[in-house]
1. Tell me, yes or no, whether the range 124-135 has at least one residue that is touching a strand residue (DSSP E or B) at 6+ places or on another chain (Cβ under 9 Å) and outside any strand (DSSP E or B).
2. Could you tell me which residue of the range 165-179 is nearest to residue 83 (Cα to Cα), considering only residues that are free of Cβ contacts under 8 Å to residues at least 60 places away in the same chain and surrounded by fewer than 22 Cβ atoms within 10 Å (Cβ to Cβ)?
3. Checking residue 186 against (1) more than 22 Å from residue 99 (Cβ to Cβ); (2) modelled with pLDDT of 95 or more, which test does it fail?
4. Look at residue 113 and say whether it is over 30 Å from residue 42 (Cα atoms) and either at pLDDT below 95 or not in a strand (DSSP E or B) (or both).
5. Which pairs do you get when a residue that is within 14 Å of residue 151 (Cα to Cα), found in the range 121-133, comes within reach of a residue that is exposed (fewer than 14 other Cβ atoms within 10 Å of the Cβ) and modelled with pLDDT under 95, reach meaning Cβ atoms under 7 angstrom, with the pair 6+ apart or on two chains?
6. Considering only the range 180-191, how many residues are more than 27 Å from residue 225 (Cβ to Cβ), buried (at least 18 other Cβ atoms within 10 Å of the Cβ) and within 16 Å of the chain's Cα centre (by Cα)?
7. Hey, residue 228 hits all of (1) exposed (fewer than 11 other Cβ atoms within 10 Å of the Cβ); (2) more than 19 Å from residue 86 (Cβ to Cβ); (3) touching a residue at least 60 places away in the same chain (Cβ under 8 Å) but one; which does it fall short on?
8. Checking the condition modelled with pLDDT of 95 or more, out of contact with any helix residue (DSSP H, G or I) (no Cβ under 6 Å at 6 or more places or on another chain) and under 18 Å from residue 13 (Cβ atoms), which residue from 92, 133, 88, 118 passes?
């Protein structure tokens, strides 16, 4: 099944998300990156579009890379933490995430991220579901815009985001020029819960420990580029 036109409460299923990043705006708008000249810019597509799947029950969710995008040109360059695998235990409010940050693969074992969301009045339909807008912040100053539906029961979403009264189907981080939007929602009854299993490989750390290691490894990097890489790693 695809998207649903009528309101209903969904507790088990799979969501496909399209993540779209404006790579040129993300990396080439800073004057301090002068070595990344126009020639290099032409070698890398402006937009990077990838797909992710989020399989969910009322208690657990697993977000991981999905189908390949046949229209996406392969490049040598990829932002940090761009192929995350994130498991959430919503009952225990804990998560296990696998993140590749440049040359280190981390296995983050920690409590779920706590975002202080502020609900807004704007309504948008995404993948056939009526979604309400919410705004929050990460890393102290980075604004995150989310659209969630209470018609899908689990309070989860793409990447490490959750904590709203239902499932996040749309997400935007303007300062990272990146959006995540659901393209379809599928009912899976019954669902094979053995497929909602946490990742197991990587250097074990808490989220705070990982960010400390990433920060130490980037201490000689340019200011704005380093800052954006830190924000990307935190997703």
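1. Of all residues in the range 124-135, those touching a strand residue (DSSP E or B) at 6+ places or on another chain (Cβ under 9 Å) come to 124-135.
Remaining after also requiring outside any strand (DSSP E or B): 127-128.
Checking the range 124-135: at least one residue is touching a strand residue (DSSP E or B) at 6+ places or on another chain (Cβ under 9 Å) and outside any strand (DSSP E or B).
2. Of the residues in the range 165-179, the ones free of Cβ contacts under 8 Å to residues at least 60 places away in the same chain are 165-166, 168, 170-172, 174-175.
With the extra rule that they be surrounded by fewer than 22 Cβ atoms within 10 Å (Cβ to Cβ), the set shrinks to 165-166, 172, 174-175.
On the way: 165: 26, 166: 24, 172: 17, 174: 19, 175: 19 Å.
For the range 165-179, the residue satisfying everything is 172.
3. (2)
4. Values: over 30 Å from residue 42 (Cα atoms): yes; either at pLDDT below 95 or not in a strand (DSSP E or B) (or both): yes.
Spelling it out, residue 113 is indeed over 30 Å from residue 42 (Cα atoms) and either at pLDDT below 95 or not in a strand (DSSP E or B) (or both).
5. 128/5
6. Of the residues in that region, 1 qualify.
7. Here residue 228 meets the rest and fails (1).
8. The conditions single out 88.
The values are calculated or read from the model by the stated rules, or taken from the named source; none is laboratory data. Keep in mind the model is a prediction, meaning the values are calculated, not measured. FYI the Cβ positions are ideal-geometry reconstructions off the backbone, even for glycines, and counts take in every protein chain you see.
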